[in-house]
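K.L.:
Sharing a structure here in structure tokens format.
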Amino acid sequence: MGAQLTKNDKRTCYVAELSAKDVGKHVCLMGWVQRQRDLGGLIFVDLRDRSGIIQLAFDDNTDRGIFDTAFTLRSEYSICAKGIVRHRGEGAVNKNIPTGEIEIAVDELKVFSTAQTPPFEIVENSDVKPELRLKHRYLDLRRPDLTRNIIARSQIVKIARDYYAENNFIDIETPCLIKPTPEGARDYLVPSRVHQGKFYALPQSPQLYKQLLMLSGFDRYFQIARCFRDEDLRADRQPEFTQIDLEMSYVTEDDVMELNEKFLVRLFKEFKGIELPTPFTRMTWHEAMNRFGSDKPDLRFGFELQDISDVLKDCGFKVFAGAIENGGSVRAINIKGAADKFSRKDIDALTNFVKSYKAKGLAWYKNVNGEVSSSYAKFLTDDENAAVVAKLCIEAGDIVFIVADKNKVVFDSLGALRCEIAKRLGLINPNEYKMLWVTEFPLLEYDEEDGRFYAMHHPFTMPMEEDLQYIESDPGKIRAKAYDIVINGTEAGGGSVRIHDAEIQSKMFDLLGMTHEEANEKFGFLLEAFQYGVPPHAGMAYGLDRLVMLILGLDDIRDVIAFPKVQNASELMSRCPSIPDEKALAELGIAVVSEEESDAE
């Protein structure tokens, strides 16, 4: 049976708070055994808590009972150790840890609980399979690197709370059981026991509630908001996630962007000691797509896209000319001075890479010390080849990659390819941060399969005033008063000016194919509220998990979330989701039908 904590067992500090200046102090420390080393008449124990590791020493001067207890200690035992801080012996200093100059001469030791041998060693940067780590996440979280990530997340949240509070934002919670929404990702639905046959949804964002708070007169709203989306997962997505969410009344898009630039400047200064230059670069969506093939371009390297459709539109090579005839384009990136770094095997690998973005292939041109090789040159005339060389400024040592297809495919494939090549060439500096506002997104995007428009952001985004003329004639031409903040090629947050005019909001619903009856059924409460004096308002939200991941330079969002889900939206540790018992289902008026039963019916 383990020892009990008493009123005399008061932790004096965390281990990493101790240093050589504390020599001679009597301290009480608590944590887990990292490892025990028995040297016969001398035992050393590494004690770990959330702050770090310190060495406990047991020797000839230690009480025999305490020494014997120390002998029994094993990894992950939970203990309390009291003793005197002292210098380590000569030649015994460990320069690899902050507490390496000192140790604790233990005079009292308690074992609160023992531990089985853990399924993996609790060490930094473990190479254990993620599935095993996530199954035992409570142990995984003891690892120093993961512990630091979770603490960093908490510190970033505090900086955000402090900044927005100082700028007159009011922290307001919005509901987690809401009306299902028809746009965007799929909702997680929650059945109602009281209203059988009816369902709540978990919020994809607090969007409508924060707009209503502006109508309610709170002017500036802020929330660390939990959100839920039933969508396929990626390395930077989770089904449940957290937003730094805000909304402001009587502001323009410039006001929102300027205030949030100052937040990011403060965040990077306080947390990383980095001075971000301001103002941040701004770029329209159209410019970003044409230059970088992406609405979230990484500006830490070049390789900009170049449109060569004009010099190839009349060529005899069907791959190029056909793409242009079908309304697409032919675009290229020139990797200056890197021709000798790409073998034919490398080019084949990059061809397969762009095919994953639906490109049919990858044309290339290579000039190594004046010796030219190409996959397409033989299909063009000398004049056409010369025109391509001139347009792309191709010189000795350059290699060029070309994609011809529909614009979306060209942008997606070349946009991804420039990033892949930069990684392969080692051109991405992980300690450099390039901030970018992308503005003037299209208001709508057309889905050819469904034959209708969808809102690119959400149905409450205000169109550019000068584009309202296209509502009836050319909706696809309308730009939105929307803006995303992009950090090193990743969208960290985004927002927009909201519609505050009931007539424009109704027209927006019309564009999205909603009848007046549907709009009233789904958003009647909002349209009714719009009859009572709506202030102009705008806002944005950061993906907190993604922002922390970017600041810490991590590749997997799960490393900044205490208990994340895996690819199929399940949690390995608690084994959820699971099947509820029949009584709970009966109370909800729900029956779970197997596929076989469903097929039979």
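K.L.:
For the condition out of contact with any helix residue (DSSP H, G or I) (no Cβ under 6 Å at 6 or more places or on another chain) and within 30 Å of Trp285 (Cβ to Cβ), what is the one hit in Arg344, Arg418, Arg331?
P.N.:
So the residue among Arg344, Arg418, Arg331 that is out of contact with any helix residue (DSSP H, G or I) (no Cβ under 6 Å at 6 or more places or on another chain) and within 30 Å of Trp285 (Cβ to Cβ) is Arg418.
K.L.:
Please specify each residue of region 488-510 satisfying the condition of being open to solvent by less than 60 Å² (accessible area, probe 1.4 Å) and in contact with a strand residue (DSSP E or B) (Cβ under 6 Å, 6 or more places away or on another chain).
P.N.:
Of everything in region 488-510, those that are open to solvent by less than 60 Å² (accessible area, probe 1.4 Å) and in contact with a strand residue (DSSP E or B) (Cβ under 6 Å, 6 or more places away or on another chain) turn out to be Ala492, Gly493, Gly494, Gly495, Ser496, Val497, Arg498.
K.L.:
Please go through (1) outside any loop (DSSP other than H, G, I, E, B); (2) more than 17 Å from Lys210 (Cβ to Cβ); (3) in contact (Cβ under 8 Å) with a residue 60 or more places away in the chain; (4) open to solvent by 10 Å² or more (accessible area, probe 1.4 Å) for Glu521 and return the number of the only condition it doesn't satisfy.
P.N.:
All conditions are met except number (3).
K.L.:
So which of Glu270, Glu258, Glu247 ends up being within 15 Å of Tyr163 (Cα to Cα) and touching a His at 6+ places or on another chain (Cβ under 8 Å)?
P.N.:
The unique qualifying residue is Glu247.
K.L.:
Then there's this: Every residue in region 243-302 that is open to solvent by 50 Å² or more (accessible area, probe 1.4 Å) and in contact with a Gly (Cβ under 9 Å, 6 or more places away or on another chain), please.
P.N.:
Listed by number, the list holds a single entry, Lys296.
K.L.:
What pairs come up if the first residue lies in region 436-451 and is within 18 Å of Asp298 (Cα to Cα), the second is among the acidic types (Asp, Glu), and their beta carbons are under 8 Å apart, counting only those six or more places apart or on different chains?
P.N.:
Trp437/Asp484; Val438/Asp295; Val438/Asp484; Thr439/Glu253; Phe441/Asp295; Phe441/Asp484
K.L.:
Pick from Tyr209, Tyr200, Tyr221: which is in contact (Cβ under 8 Å) with a residue 24 or more places away in the chain, open to solvent by 50 Å² or more (accessible area, probe 1.4 Å) and either of a type outside the set (S, T, N, Q) or part of a loop (DSSP other than H, G, I, E, B) (or both)?
P.N.:
Criteria check complete, one pass: Tyr209.
K.L.:
Show me the strands (runs of 3 or more DSSP E) entirely contained within region 313-399 in which 1 or more residues are crowded, with 17+ Cβ neighbours inside 10 Å, without any contact (Cβ under 8 Å) to a residue 60 or more places away in the chain and not basic (Lys, Arg).
P.N.:
Counting at least 1 such residues, we get 363-368, 371-374.
K.L.:
Looking only at region 120-173, count how many residues are without any contact (Cβ under 8 Å) to a residue 60 or more places away in the chain, assigned to a helix (DSSP H, G or I) and open to solvent by less than 20 Å² (accessible area, probe 1.4 Å).
P.N.:
So the answer is 1.
K.L.:
Restricting to region 563-594, name every residue that is of a type in the set (Gly, Ala, Ser) and surrounded by 13 or more Cβ atoms within 10 Å (Cβ to Cβ).
P.N.:
Selection gives Ala569, Ser570, Gly589.
The values are calculated or read from the model by the stated rules, or taken from the named source; none is laboratory data. What you see is a predicted model, and the numbers here were worked out from it, not measured in a lab. All Cβ positions, even for glycine, are placed from backbone atoms using ideal geometry, and neighbour counts span all protein chains on display. Surface areas here come from the heavy atoms of the whole protein model, side chains and all, with no ligands, DNA or RNA. Shrake-Rupley method; radii C 1.70, N 1.55, O 1.52, S 1.80 Å.
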